[in-house]
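Down below is the structure, laid out as structure tokens.
The values are calculated or read from the model by the stated rules, or taken from the named source; none is laboratory data. If you're wondering where the values come from, they're calculated on a predicted model, not measured in any experiment. Here the Cβ is made from the backbone with ideal geometry for all residues, glycine too, and neighbour counts use every protein chain on show.
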Amino acid sequence: MSNGRASVPDGVKISNGLTPQKDNHYPSAMSQGVQQMSISASTQELAELIDVHLGELRPESPAWRVSDSPISGRGIFAVRDIVKGEELFREHTLLVGPTAHRSTNLRTCTLCYRLVPGEDDTDAMCPAGCGLPVCPECAVSERHANECKLFRKWEPKELGHIEPRALRILSVVRCFFLNEAQRRLLYAMQANADKYYMKEVERAAGCFEHFPHEQDMLDYFYRTICAFNTNAFESRSRVEGHEVLVRALFPLAGLLNHQCTPNASHHFEDAETIVVTAAERIPQGAEITMSYTKVLWSTLARKMFLGMTKHFMCHCPRCEDPTPQPSSSPSPSPSPTLSSRASHVADRKQSCTYEYIAHTPHVRSTLLQ
């Protein structure tokens, strides 16, 4: 995405409001608030990397293109007139992992998302001792073997129950298993640095006896978690009647900029696939947008939410309209959904403009060799 994101489930972008803690092992950028890290690819290179990422899911003649956005950063634009209800694209995740909210059932397989049978946590945990919940079928898979080996190398401190802090970091740890093209795509995505983001890694580090402290690895972790928290969605779906909530990074869907009256909507086909659809007719050349808030919130509620959690203030026609607007929610909650849309703004050409509440120094971006 082109903006800061916040921790909001069911399809809205995520970032974490965590307490900062200074540590010499972590990048000094953490102490400087929300920043925008340097991007290692041009918009054209990003578009080409996304085509590779989409693979067989890329339409033969896409109705959209990736281009620089007058709203903010990069965006997605219609290359022809698009009818209401038309599927624009579907996309598999680049990185994904459990949210590990304490309100969710942690005995969910980290690969197939089925509920692992058993009476307690130990029945669901990998028998090899990595500490991850995994079903018997996935426990012997090659994909789990790599993650299992890494977690066992770090040596979990607690094997008597599933540790949410270690489980939550799995989505970021999986960056180590990306191929070269996928790593280039990760570094081509916008990443808003924040002094709070490394706290998630610090918490996970406390769950292991030998968590890595090499600077290059920590830099890679930090860059990944910033890209993740800037662009990721929390995907809610059901697997065999079991509700699944995961953090998922979709590079193309992550380029959808915010509009308080969006022209596109999305849903999750499964825990690792997003489908984006036109919510109204979209004329050729128009930017395809979504809302990062509940669209029926009042202007004050939207502005508060966007400013506090996404680090920008929206100045679109709807936000600048002084006419009082009814609100379906008195104040922003931490978990808005995108199930409905607000009324159409007459002059969509005015679009949204953003005023960032952030600094933008360059931060070194190097791939982990």
If I filter the range 306-327 for residues that are outside any helix (DSSP H, G or I) and either on the phi > 0 side of the Ramachandran plot or at pLDDT 85 or above (or both), do I get at least one hit? yes
Residues of the range 161-215 being part of a helix (DSSP H, G or I), farther than 30 Å from Thr122 by Cα and aliphatic (A, V, I, L, M), in sequence order, are Ala181, Leu185, Leu186, Ala188
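Do you know which residues across the range 113-139 are of a type outside the set (A, V, I, L, M, F, W, C) and either surrounded by 20 or more Cβ atoms within 10 Å (Cβ to Cβ) or in contact with a Pro (Cβ under 8 Å, 6 or more places away or on another chain) (or both)? I'd like the intermediate steps shown before the answer.
Just the residues of the range 113-139 that are of a type outside the set (A, V, I, L, M, F, W, C), to begin with: 113-114, 117-123, 127, 129, 131, 133, 136-137.
Tyr113, Asp121, Asp123, Gly129, Gly131, Pro133 - these are the residues of the range 113-139 that are of a type outside the set (A, V, I, L, M, F, W, C) and either surrounded by 20 or more Cβ atoms within 10 Å (Cβ to Cβ) or in contact with a Pro (Cβ under 8 Å, 6 or more places away or on another chain) (or both).
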Note on the range 204-230: residues surrounded by fewer than 19 Cβ atoms within 10 Å (Cβ to Cβ) and without any contact (Cβ under 8 Å) to a residue 40 or more places away in the chain are Glu214
Quick one: what pairs do we get from the range 278-290, first residue without any contact (Cβ under 8 Å) to a residue 60 or more places away in the chain and at negative phi, second of a type in the set (S, T, N, Q) and crowded, with 16+ Cβ neighbours inside 10 Å, C-beta under 9 Å, 6+ apart or different chains? Met290/Asn257; Met290/Gln259; Met290/Asn263; Met290/Ser265
Among Glu142, Glu158, which is of a type outside the set (A, V, I, L, M, F, W, C), surrounded by fewer than 15 Cβ atoms within 10 Å (Cβ to Cβ) and over 26 Å from the mean Cα position of the chain (by Cα)? Glu158
In the list Arg102, Arg90, Arg152, which residue meets the criterion of being modelled with pLDDT of 90 or more, of a type in the set (Lys, Arg) and not in a strand (DSSP E or B)? Arg152
Under the condition of being under 11 Å from Val134 (Cβ atoms) and in contact (Cβ under 8 Å) with a residue 40 or more places away in the chain, which residue from the range 98-112 is surrounded by the most Cβ atoms within 10 Å (Cβ to Cβ)? Thr108
Using the structure shown, decide if Ile274 is in contact with a helix residue (DSSP H, G or I) (Cβ under 8 Å, 6 or more places away or on another chain), in a strand (DSSP E or B) and surrounded by 20 or more Cβ atoms within 10 Å (Cβ to Cβ). yes
Residues satisfying the stated conditions in the range 255-265, i.e. within 23 Å of Arg174 (Cβ to Cβ) and either in contact with an Asp or Glu (Cβ under 7 Å, 6 or more places away or on another chain) or surrounded by fewer than 24 Cβ atoms within 10 Å (Cβ to Cβ) (or both): none
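State the number of residues belonging to the range 238-261 that are within 17 Å of His101 (Cα to Cα) and touching a Ser or Thr at 6+ places or on another chain (Cβ under 9 Å).
So in the range 238-261, the residues within 17 Å of His101 (Cα to Cα) come out as 238, 242-248.
Still in the running and touching a Ser or Thr at 6+ places or on another chain (Cβ under 9 Å): 242-248.
Adding up the residues that qualify gives 7.
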Consider only pairs whose beta carbons are under 6 Å apart and that are at least six residues apart or on different chains; among these, list those whose first residue lies in the range 46-62 and is surrounded by fewer than 17 Cβ atoms within 10 Å (Cβ to Cβ) and whose second residue is part of a helix (DSSP H, G or I). Val52/Ala181; Arg58/Asp51
Select from the range 223-271 the residues that are part of a strand (DSSP E or B) and small (Gly, Ala, Ser) and list them in ascending order. Ser235, Ser237, Ala248, Ala264, Ser265
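Conditions (1) in a loop (DSSP other than H, G, I, E, B); (2) of a type in the set (Phe, Trp, Tyr); (3) modelled with pLDDT under 70; (4) within 18 Å of Tyr220 (Cβ to Cβ), marked per residue:
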| site | (1), (2), (3), (4) |
| --- | --- |
| Thr19 | yes, no, yes, no |
| Lys22 | yes, no, yes, no |
| His25 | yes, no, yes, yes |
| Ile39 | yes, no, yes, yes |
| Ala47 | no, no, no, no |
| Asp51 | no, no, no, no |
Being farther than 21 Å from Asn263 by Cβ, of a type in the set (Ser, Thr, Tyr) and out of contact with any Phe, Trp or Tyr (no Cβ under 8 Å at 6 or more places or on another chain) narrows it down to one of Thr299, Thr289, Thr309, so name that one. Thr309
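Residues to consider are Glu147, Glu86, Glu91; find the one that is surrounded by 20 or more Cβ atoms within 10 Å (Cβ to Cβ), touching a strand residue (DSSP E or B) at 6+ places or on another chain (Cβ under 6 Å) and of a type outside the set (S, T, N, Q).
Only one candidate passes the filter, namely Glu91.
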